[in-house]
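The values are calculated or read from the model by the stated rules, or taken from the named source; none is laboratory data. Values in this document were obtained by computation on a predicted structure and should not be read as measured data. In this analysis, Cβ positions are derived from the backbone assuming ideal geometry, glycine residues included, and neighbour counts consider all displayed protein chains. Calculation scope for accessible area: heavy atoms of the full protein, side chains included, ligands and nucleic acids excluded. Shrake-Rupley method; radii C 1.70, N 1.55, O 1.52, S 1.80 Å.
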Amino acid sequence: MPSSRIPSKFAALLGFVGMSAVAGVLATAAITPAIAVSSVAASDTIGLFEELPSYLEIGELAQKTEIYARNPDGSPYLLASFFDQNRVEVPWEKVSVYAKDALVAGEDPRFYEHGGIDLQGTIRAVVNNAMGKSVQGGSSITQQYVKNVNIQNYIKDATTQEQIDEAFAKATEVSEARKLREMRYAIELEKRYSKEEILLGYLNIVAFGGRVYGIEAASNYYFGTTAEALTLAQAASLMAIVNNPEKFRLDYPDSTTNGAENGYNGNRVRRDYILGKMLDEKMITQQEYDDAVAAPVEPKITQPATNCEAAGGAGFFCDYITNIFKNNEFFGPDPDTRWHDFRTAGYDIYTSLEVDLQRTAEQAIIDNVPFTDPRVDIGSVAVTVEPGTGRILAMAQNKRYSADPAVLQSDPATSAVNFNTDRDYGGSSGFQPGSTYKVFTLLEWLDEGHGLNEAVDARRRSNWGTFRNSCDGNMNAGGYNPKNDGGEAGGSWTALFNTVNSMNTGFIAMAKQLDLCGIKETAQALGVHRADGAELQMNVSDVLGTQEIAPLTMAAAYAGIAAGGKYCEPIAIDRIVDAAGNDVPVPPQTCSQAVEPNVAAGATLALQQAFRGGTGAPSAAKVNSSVPMFSKTGTTDSAEATWMSGGTSRATTVVGVFNATGHVNLRDTRINGSQYAVLRHNIWPRIMKVAADKWGGDPFAAPTGQVLSGRTYDIPSVIGMSLEQARAAIEDAGFAFADGGQQDSDKPAGTVIGTNPARSATAGATVSVYTSNGALRTVPDAVSAAKNVGDARAALGAAGFGNVAETCVVDAAQNGKPVAQDPPAGSAARPDTTITITVAKDKC
């Protein structure tokens with residue numbers, strides 16, 4: 001070989017290798033003495049070699065993160081996996097001996113003899129490279145391990161594909177310098193680790209094609225088995241892939257060189273070569289060899305449950321989990337870093353989702369609401385939250401989850417938008433909750449000192465006037481004239497009646513006596529916010545639920561009411577465990593006493609009655625449970641969205657059927673003979689029946705005192721007024737007026753003679769006003785001035801009393817003088833009443 005063909009910078013190194021070959025060893029501890037006797041040029045190379053860094057940091061490998069739900073028995077249920085590299089690290093004892101031996105036989109037969117560098121292979125590679133051929137192998141397993149570790153170290157902090165590609169290119173730079181560095185690292189690595197540790201490290205790190213890394217993931221993916229259970233033929237096939245992953249991988253069945261039609265010939269040839277080497281090294285018997293060579297290459301491709309599509313009906317909940325990691329600064333400084341860590345950290349994420357409740361919710365929706373309907377862009381959701389903890393127990397909707405643009409374009413039954421969550425956590429802008437929002441006005445009503453039994457003037461009208469709003473300034477309702485769903489004209493209705501029957505005019509009348517800002521702040525205390533991130537508004541119409549809110553937000557708010565006013569921010573993650581089995585901190589949860597317990601008790605009392613005998617009765621009839629439950633329904637204008645919200649002390653559920661987009665009236669649109677508007681009452685009971693059977697529920701606390709009765713106010717005195725004067729005085733004082741009719745009285749006909757109640761009543765209570773019919777006369781004093789019975793009779797006759805009777809009493813001193821009368825003077829009596837005069841006599 002002409003010396004001119006050998007790069008000058010490697011001449012000394014070749015001398016070193018040749019000298020070492022003569023010596024016959026390249027012992028780890030003796031490498032420097034072996035080089036030292038070669039030449040002056042070699043001495044220069046020794047310096048270069050010795051000055052190379054020798055410490056290689058072996059960092060944590062990228063591993064797949066897995067999300068779990070909870071089975072009824074408490075065991076974890078895998079929803080989906082996420083990874084940049086599909087890898088599951090396993091210990092030494094969990095890897096088949098066949099796999100270990102096949103790797104050594106096929107890649108580095110002298111692995112257990114050398115000190116990190118396979119001298120023969122290295123000489124061959126250096127000579128070929130020096131002769132101008134491509135830089136090639138000859139690397140020992142230790143050197144290959146070093147190369148893979150370097151790759152992982154370079155890309156571990158890369159968060160974008162561009163960064164990953166750049167890091168990989170740098171780590172795999174084709175050069176003699178990289179080879180030299182790897183040799184130096186390999187020698188030092190063998191000083192720090194045992195052969196078994198290096199071999200296992202390599203088996204866990206090495207690529208097997210695509211995003212499959214490590215022996216366990218490769219066993220799972222290519223053969224549907226584990227690294228521990230690999231057969232000899234399977235182990236050799238996997239080690240064949242290691243030699244050239246793209247060429248020998250087994251998931252290209254249509255390949256003309258290595259596909260199903262030719263029995264994966266490329267892999268099989270390499271496999272059989274490895275089997276032959278194993279036989280040569282006496283790692284297997286002749287019979288084992290013969291059987292393995294005779295076995296066909298039969299991959300059983302087992303796709304991992306990757307990404308949220310793999311979670312089935314829980315795909316939207318899975319997507320919510322990923323958005324928690326992307327959005328929460330608790331998990332990292334920026335979204336790219338957080339998402340990179342999520343995909344590579346090898347977390348086991350144990351969530352709050354209950355498999356049995358989730359499947360019930362999914363099936364209840366499937367059985368009632370189609371995924372698509374050409375007449376309406378129909379949407380349906382169900383979400384359940386645990387009171388007192390905020391844990392999300394179920395989350396379902398009438399779509400299949402997909403994040404694939406091609407799938408979304410071609411299949412209208414799929415969606416990437418989570419209808420249950422806020423825009424930042426699933427892409428939805430929320431929906432109007434309708435009358436389910438009235439609960440916040442009820443809570444504020446009770447909190448400001450009013451009672452369930454207080455009444456308001458709930459007559460429908462367009463002149464509601466000005467409403468107090470301490471946040472944004474008082475608001476004039478203008479011509480706002482909402483009607484009641486059943487067309488009721490309104491009346492003097494109590495807060496309880498308004499709640500049970502969901503009376504729009506009743507709640508507007510209640511809000512008229514409150515601070516609209518207070519209603520908004522009560523809602524916000526229970527976690528309510530707009531789904532699109534804009535500021536929550538509180539206009540007069542918002543009393544009836546016209547802000548766009550996420551169903552999850554409403555479910556958490558109702559859970560706060562069920563928990564005695566204790567609101568807990570909804571959470572989906574119970575626990576995170578890293579790849580080493582250590583617990584990883586989760587974001588701290590926020591709980592607070594949003595409303596006073598007695599106020600919450602008042603609300604649940606009203607909502608229980610609404611469930612049993614009000615608007616929730618259709619669901620109550622189907623749930624078939626003795627567990628105490630409460631509810632509130634909601635229907636938006638033109639029945640574009642319909643809701644059923646409520647639950648027990650252990651689980652609250654919001655179910656909605658609505659226009660995802662568009663403005664179709666769901667009362668006018670039927671599916672399988674039923675209005676879309678009533679389907680909520682088919683879905684909600686099925687979910688809550690399972691929840692009630694699973695967890696039961698405690699009785700809700702009973703409210704006391706003013707929450708029931710409210711404050712009392714003095715009734716103005718109206719006696720002597722005309723009926724219209726009395727009406728004005730009663731209504732101006734905040735009471736409802738009722739004409740009690742006429743009663744017998746000696747007062748002028750038509751004048752007010754009394755009220756019921758007489759002295760005080762709760763605000764809005766009905767006060768009955770009674771007027772005189774003028775039918776009575778005032779009985780005169782017929783005795784005091786009378787000298788005899790004749791005088792008495794004359795006095796009574798003059799007053800209109802003609803029926804006079806006499807009786808006597810023995811009193812000789814006053815003989816003949818009237819001494820008493822009945823009825824007494826000053827009383828009122830009808831003209832035909834008999835007046836009895838008592839006359840004194842000497843004897844009767």
Quiz item: Looking at (1) crowded, with 21+ Cβ neighbours inside 10 Å; (2) of a type outside the set (K, R); (3) out of contact with any Asp or Glu (no Cβ under 8 Å at 6 or more places or on another chain), which is the one condition that is false for Y347?
Solution: (3)
Quiz item: Can you name every residue in region 779-806 that is surrounded by fewer than 15 Cβ atoms within 10 Å (Cβ to Cβ) and assigned to a strand (DSSP E or B)?
Solution: A805, E806
Quiz item: If we keep just the residues of region 586-614 that are open to solvent by less than 40 Å² (accessible area, probe 1.4 Å) and assigned to a loop (DSSP other than H, G, I, E, B), which is modelled with the lowest pLDDT?
Solution: P587
Quiz item: Which ones in region 660-696 are under 21 Å from the mean Cα position of the chain (by Cα) and open to solvent by 10 Å² or more (accessible area, probe 1.4 Å)?
Solution: A660, R680, R686, K689, V690, K694, W695
Quiz prompt | Residues that are in a helix (DSSP H, G or I), of a type in the set (S, T, N, Q) and either farther than 16 Å from E216 by Cα or open to solvent by 10 Å² or more (accessible area, probe 1.4 Å) (or both), drawn from region 234-255 | solution = Q234, N243
Quiz item: Counting only residues that are buried (at least 23 other Cβ atoms within 10 Å of the Cβ) and more than 15 Å from L393 (Cα to Cα), how many does region 354-368 have?
Solution: 2
Practice problem: Look at region 256-276 and say how many of its residues are part of a loop (DSSP other than H, G, I, E, B), open to solvent by less than 70 Å² (accessible area, probe 1.4 Å) and in contact with a Gly (Cβ under 8 Å, 6 or more places away or on another chain). | Solution: 1
Quiz item: Just a yes or no: is a residue in region 305-314 modelled with pLDDT of 95 or more, touching a strand residue (DSSP E or B) at 6+ places or on another chain (Cβ under 7 Å) and open to solvent by 20 Å² or more (accessible area, probe 1.4 Å)?
Solution: yes
Exercise. Select, from S492, S462, the only residue that is modelled with pLDDT under 95, among the small types (G, A, S) and surrounded by fewer than 17 Cβ atoms within 10 Å (Cβ to Cβ).
Key: S462
Exercise. Quick one: in region 522-535, of everything that is over 15 Å from A556 (Cβ atoms) and free of Cβ contacts under 8 Å to residues at least 40 places away in the same chain, which residue is surrounded by the fewest Cβ atoms within 10 Å (Cβ to Cβ)?
Key: E535
Exercise. Filter region 378-406 down to residues that are outside any loop (DSSP other than H, G, I, E, B) and either at positive phi or of a type outside the set (S, T, N, Q) (or both), then give me how many there are.
Key: 16
Practice problem: Please find, within region 167-177, the residue that is nearest to Q143 (Cα to Cα) out of those that are open to solvent by less than 30 Å² (accessible area, probe 1.4 Å) and outside any loop (DSSP other than H, G, I, E, B). | Solution: A171
Exercise. Identify the residue in region 427-459 that is assigned to a helix (DSSP H, G or I) and small (G, A, S) and, among all such residues, is farthest from P597 (Cα to Cα).
Key: G434
Quiz item: Only one of (1) farther than 19 Å from G59 by Cα; (2) open to solvent by less than 30 Å² (accessible area, probe 1.4 Å); (3) of a type outside the set (G, A, S) fails for L189. Which number is that?
Solution: (1)
Quiz item: When you look at I164, is it under 15 Å from K147 (Cβ atoms) and assigned to a helix (DSSP H, G or I), yes or no?
Solution: no
Quiz item: Just to be sure, is S717 of a type in the set (S, T, Y) and free of Cβ contacts under 8 Å to residues at least 12 places away in the same chain?
Solution: yes
Quiz item: Which of the residues belonging to region 752-778 are under 30 Å from F507 (Cα atoms), β-branched (V, I, T) and either surrounded by 20 or more Cβ atoms within 10 Å (Cβ to Cβ) or at pLDDT 95 or above (or both)?
Solution: T755, T762, V767, V769
Exercise. Considering every residue within region 277-286, establish whether at least one is β-branched (V, I, T), without any contact (Cβ under 8 Å) to a residue 24 or more places away in the chain, over 30 Å from W339 (Cα atoms) and part of a loop (DSSP other than H, G, I, E, B).
Key: yes
Quiz item: Within region 146-168, how many residues turn out to be under 42 Å from the mean Cα position of the chain (by Cα) and either on the phi > 0 side of the Ramachandran plot or of a type outside the set (D, E, K, R) (or both)?
Solution: 16
Exercise. Within region 704-751, count every residue that is among the hydrophobic types (A, V, I, L, M, F, W, C), open to solvent by less than 80 Å² (accessible area, probe 1.4 Å) and either farther than 30 Å from L514 by Cβ or part of a loop (DSSP other than H, G, I, E, B) (or both).
Key: 7
Practice problem: Please identify the pairs in which a residue from region 445-462 that is at positive phi has its Cβ atom under 8 Å from the Cβ atom of a residue that is surrounded by fewer than 24 Cβ atoms within 10 Å (Cβ to Cβ) and in a helix (DSSP H, G or I), counting only partners at least 6 apart or on another chain. | Solution: G449/Q706
